[in-house]
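The values are calculated or read from the model by the stated rules, or taken from the named source; none is laboratory data. The structure displayed is predicted, hence computed values, not measured ones. With ideal geometry, Cβ positions are generated from the backbone for all residues, glycine too; neighbour counts draw on all protein chains shown. Just so you know, the surface numbers come from the protein's heavy atoms only, side chains and all, with ligands and any DNA or RNA stripped out. Shrake-Rupley method; radii C 1.70, N 1.55, O 1.52, S 1.80 Å.
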Amino acid sequence: MEFTARQIADLLGGLVEGDPESRVSALSKIEEGKPGSLSFLANPAYTPHIYTTEASIVIIGKDLKLEKAVSPTLIRVTDAYASFAQLLEMYDTIRKNKSGIDSQVFIHPDAQIGKDVYIGSFAYIGKDAILGDRAKVYPGCYVGENTRIGNDTTLFAGVKVYSDCTIGQDVRIHAGAIIGSDGFGFAPADGGYKKVAQIGNVIIEDHVEIGAGTTIDRATLGSTIIRKGVKLDNLIQIAHNVEIGEHTVIAAQTGVAGSTHIGKNCMIGGQVGIVGHIKIADGTRIAAQSGVGSSTSENEILQGSPAFPIGEFKRSYIHFRKLPGLEQEVRTLKQKLKDLGNENS
Amino acid sequence: MEFTARQIADLLGGLVEGDPESRVSALSKIEEGKPGSLSFLANPAYTPHIYTTEASIVIIGKDLKLEKAVSPTLIRVTDAYASFAQLLEMYDTIRKNKSGIDSQVFIHPDAQIGKDVYIGSFAYIGKDAILGDRAKVYPGCYVGENTRIGNDTTLFAGVKVYSDCTIGQDVRIHAGAIIGSDGFGFAPADGGYKKVAQIGNVIIEDHVEIGAGTTIDRATLGSTIIRKGVKLDNLIQIAHNVEIGEHTVIAAQTGVAGSTHIGKNCMIGGQVGIVGHIKIADGTRIAAQSGVGSSTSENEILQGSPAFPIGEFKRSYIHFRKLPGLEQEVRTLKQKLKDLGNENS
Amino acid sequence: MEFTARQIADLLGGLVEGDPESRVSALSKIEEGKPGSLSFLANPAYTPHIYTTEASIVIIGKDLKLEKAVSPTLIRVTDAYASFAQLLEMYDTIRKNKSGIDSQVFIHPDAQIGKDVYIGSFAYIGKDAILGDRAKVYPGCYVGENTRIGNDTTLFAGVKVYSDCTIGQDVRIHAGAIIGSDGFGFAPADGGYKKVAQIGNVIIEDHVEIGAGTTIDRATLGSTIIRKGVKLDNLIQIAHNVEIGEHTVIAAQTGVAGSTHIGKNCMIGGQVGIVGHIKIADGTRIAAQSGVGSSTSENEILQGSPAFPIGEFKRSYIHFRKLPGLEQEVRTLKQKLKDLGNENS
């Protein structure tokens, strides 16, 4: 795909400065710009790069004054970052614009397949499963019996969704993620453990994104629920009967234990652990590597393992670093007090 | 599947109170009961729900006295929870009662396939591999050369077992788990590293459950061993030459480094790290997010990173939270002592 | 495969002591030696086992003096460990010496396939993808459009590499690893989040090893780069635009956040977290479970969450364990000082 500066300016509603026939076929950062690439300048700290970049076209703000001539063709727009992000998105959409059903697939005769879907080779669509319109199921995916995948949802390569789950619309699930595996439930029996059957499911609402290798267990009974707009990074573990509220964002490798409910608009760092059966209130923020052992209040910000309010944690940790000094001071005081006692006696 | 109260009561050896022809086709929690669903009441704290639930049938203890009339049909049994768990299990067994060999599979002519197995589409069974009777290999699984899978064992979708491994009977391995990958062994060489070949295997004994996305590396030489009845949650990492003793339970995202031996009946929390080449004694319990750096004694309970006895950790942590106050007190004492010294001089 | 002591001695340039026709068909540790197995003795601490092992052949150092007769045939070599490692490697190479293209695969007509490759069943090679000579793609792998796999590189079962990535030569990627998934990038919008398209790629240079279940996200723009000779263990998370320098080694379950650059020859323990947008200098070492929140200096050794120099951490932690005692001492001092004050007044 190759575009001229004129075509891109028309697309973005921008104005061309320089050669309107300048052509690009790739996107780049301004500091890594190569001939034939399109870049952007939004952050003033990067302004010096405009004079040295080899990019053929650069999108910049309409009011940015330049101190000398530049070699790339410029496209002047209202918001350079937003315009560039729009191009990124268009590019990404074109790149992922797959459709059709490959020949080596398994689709159960009782499955319902929507319009304009993509089903890649070696994908498995089970009995009574439903694929919405424009759903994309990449090669090697597994959609269990009676599982529903909403319109415009994408399962990247090798995603496995067990039976009876419900995935909403405009959801993206990255490669290797596992949805609907059995919750980790065992009852002590005869010196060992007996499995507690896990017959619930997982419900994922609309506009959710789930990272590569993330695992979400089905509920024992009822549903594990990921609400609208939640964003989960890679290698996250969500246990049975957890519920995650709307627009909550969780970074990689965090784990949430069974039956915990997380509120809306929370921001949870990477490698956080959250115990089971608690409530994380709306707007809670949790620093990376923290361990949360009890319910939180709205908009609390926590750190530590076990976690407590972040300001207190930071103060305690400063003193933790200085502990050898504090211990030394106490020893000195003790000696002085002893000396003083001796003097007095 | 639809059942009447009479049928269920016969199955459980219970007594019907109310309409024996009441019908259900789903299982639910009592507080989420809907018409057509079967629920149970075991925990006295949930008793008020019996008067408001919309469930059509509720299983309750035979001696539980109710204060007023209830709308669901009741089935009176000796132990309501156990009876309900029995139904869950029956339901789960029916749901997973798959058999037969799909058409698009690869089964090496030298593989041995037991009776009544299930082999799903796009599964690969390598040369000299052995599948036991009633084994279930879901779509997209890989069973390497010379690997044995015992009777009644299930590999859910996309499980990969490398060559030469041995999986026992009645084992469940969840989607995306990886068994028998190379251990992480490298020797320094020429400013970089040279791989140490990993030619051992993994042995998993009977009645083990392994969670989604969990990885178990093969031994350098000899075997990585998961003993009878062990339960591993999701996204756990077990390194080469590790051994895990009977009936030990490990929560999600924990990692065990190379050559460490874990005893029997241990309970290990989530996100725990255990260093290599140590012995975790029988009955050791380790709190979530702990880091264990040395061998433990029987029945020890540990917390912290590095971990030490949990009672001591909790006391230290209380004082950690109060460190700024302690430091303030020491400063005050120092000043007072100085004043006192001045007075005295 | 069966070999005689004479054949093995010829291979290793060693001398036979005992029956040169003694035969072996397996490799074992000396303490687990069985008839028909070949073992080695390199560590003097294991010398007593030479008198009791049932191994049929043992490789030992040419100068090692034995105190009495032994039953296995000995092969005397200059460096027993190196010779045994050489055999391990040969065995491993033979075991993995697969080639040919299975029948149930998808290879896009525009893909370029090198000489002597192995492509296992249910593998998918996308449009314009390139497979180098002797590359091995095990069953169930996915190689996206326009992705290049170098000569002598192996993707074990179920590895997924998204489109437009570049994997070098002599790289090993273990089962279930995910390369090139979208970076975790979202911009706040309308009370929720809007995805930032991730159109960069992942570049993996030569001689890299990547563990089972590890995830490496593609760059937003530009490349996530894993340099020559890097070794990554299992279940590691590498975020978008990260760069990892030559010969750096990272243990299991560690996570590196976006845009962080890690230098050469670093050693990073398991379950470490590293925040985004920092520089980890060459030769940095980080203890397991640490959390690194800021850039490091060359050859620094760090521990803690947040991490600081390991010697200081260890001293602080010793005092953390003794905190209840310190607090008690401060209380005692306070009382004594009060008493002293009272006496003085």
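Averaged per residue, what accessible area in Å² does the protein assembly as shown show with a 1.4 Å probe, protein chains only?
40
Normalised by the residues of chain A, what does the relative contact order come to in percent, with Cα pairs under 8 Å and at least six apart? Write down the numbers at each step before the final one.
Working: 969 pairs, mean separation 21.0, N = 345.
This gives 6 percent for chain A.
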Distance (nanometres) between label positions extended 7 Å along Cα→Cβ at C:Leu15 and B:Asp10 | 8.5
Which percent of Cα pairs goes in each bin when the distances of the protein assembly as shown are cut into 10 angstrom slices starting at zero?
-> 2, 10, 18, 22, 20, 13, 9, 5, 2, 0
Quick one: which bits of region A:175-189 get at least 20 Å² less accessible when the partner protein chains are in, versus the chain alone, with a 1.4 Å probe?
-> A:Ala175, A:Ile178, A:Asp182, A:Phe184, A:Phe186
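Rounded to the nearest 0.05, what FRET efficiency do A:Phe186 and B:Ile301 have when you use their Cβ-Cβ distance and R0 = 25 Å?
Values: r = 20 Å, r/R0 = 0.79.
Plugging the Cβ-Cβ distance into 1/(1 + (r/R0)^6) gives 0.80.
Ratio of alpha-carbon Rg to the 2.2 N^0.38 Å globular estimate for region B:57-135, to two decimals, please. Display every interim value, and only then the final one.
Working: Rg = 22.0 Å, N = 79, 2.2 N^0.38 = 11.6 Å.
It is 1.90.
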Report, in deg cm²/dmol and to the nearest 500, the calculated mean residue ellipticity at 222 nm for chain B, where each DSSP H run with n ≥ 4 adds -39500 (n - 2.57) and the sum is divided by the residue count.
-> -5500 deg cm²/dmol
Sum up the charges of everything whose Cβ sits under 14 Å from the Cβ of C:Cys141, counting Lys and Arg as +1 and Asp and Glu as -1, but leave C:Cys141 out.
-> +4
For region A:247-284, state which residues have at least 30 Å² less accessible area in the presence of all protein chains than in their chain by itself, taking the probe as 1.4 Å and leaving out ligands, DNA and RNA.
-> A:His247, A:Val249, A:Gln253, A:Gln271
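Taking beta carbons within 10 Å but only from partner chains, what does the mean come to for residues B:312-321?
Values: counts 4, 2, 1, 5, 10, 7, 3, 9, 10, 8.
So the per-residue partner count for this stretch is 6.
Per Stokes-Einstein, at 10 °C and 1.306 mPa s, what whole-number D in µm² s⁻¹ belongs to region B:111-263, with the Kirkwood radius over Cα pairs as the hydrodynamic radius? Write down the numbers at each step before the final one.
Values: Rh = 15.2 Å.
Taking Rh from Cα pairs, D becomes 104 µm²/s.
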Would you mind pulling out the separation of the Cα centroids of region C:271-343 and region A:1-41, in Å?
-> 52
Taking amide H positions as placed 1.01 Å from N in the peptide plane, with prolines and chain starts having none, which residues 5 or more places from A:Ile107, or on another chain, fall under 5 Å of its amide H?
-> A:Ile125
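When the convex hull of the Cα atoms of region C:3-95 is projected onto a plane and the area is averaged over all directions, what value comes out in nm²?
Projected over every direction and averaged, the Cα hull of region C:3-95 covers 5.2 nm².
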Compute the projected area of the convex hull of the Cα atoms of chain A, averaged over all viewing directions, and report it in nm² to one decimal place.
-> 30.0
Given Cα pairs under 8 Å that are at least 6 residues apart, what percent is the relative contact order of region A:283-329?
-> 28
Could you tell me which of the pairs A:Lys231/C:Lys228; B:Lys322/C:Lys338; B:Lys231/C:Lys96; A:Lys194/B:Lys228; B:Lys322/C:Lys314 are separated by over 24 angstrom between their Cα atoms in the structure shown?
-> A:Lys231/C:Lys228; B:Lys231/C:Lys96
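Expressed as a rounded percentage, what relative contact order does region C:3-95 have, with Cα pairs under 8 Å and six or more residues apart? All intermediate terms of the calculation are to be shown ahead of the outcome.
Details: 181 pairs, mean separation 25.3, N = 93.
About 27 percent, as a whole number.
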Could you list which residues have their amide H under 5 Å from that of C:Ile113, counting only those 5 or more apart in sequence or on another chain, with H placed in the peptide plane?
-> C:Leu131
Roughly speaking, to the nearest percent, how much of the protein assembly as shown's 1.4 Å accessible area is carbon and sulfur?
-> 49
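Over both sides of the A-C contact, add up the buried accessible area with a 1.4 Å probe and give it to the nearest 100 Å². Can you show the working numbers first?
Numbers: alone 18730 and 18740 Å², together 32580 Å².
Interface area, both chains combined: 4900 Å², rounded to the nearest 100.
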Restrict the search to region C:106-201; then list the trypsin sites (Lys or Arg not before Pro) that DSSP places in a loop and that have at most 14 other Cβ atoms within 10 Å of their Cβ.
-> C:Lys115, C:Lys127
How much accessible surface does B:Ser25 have with a 1.4 Å probe, in Å² rounded to 10?
-> 80
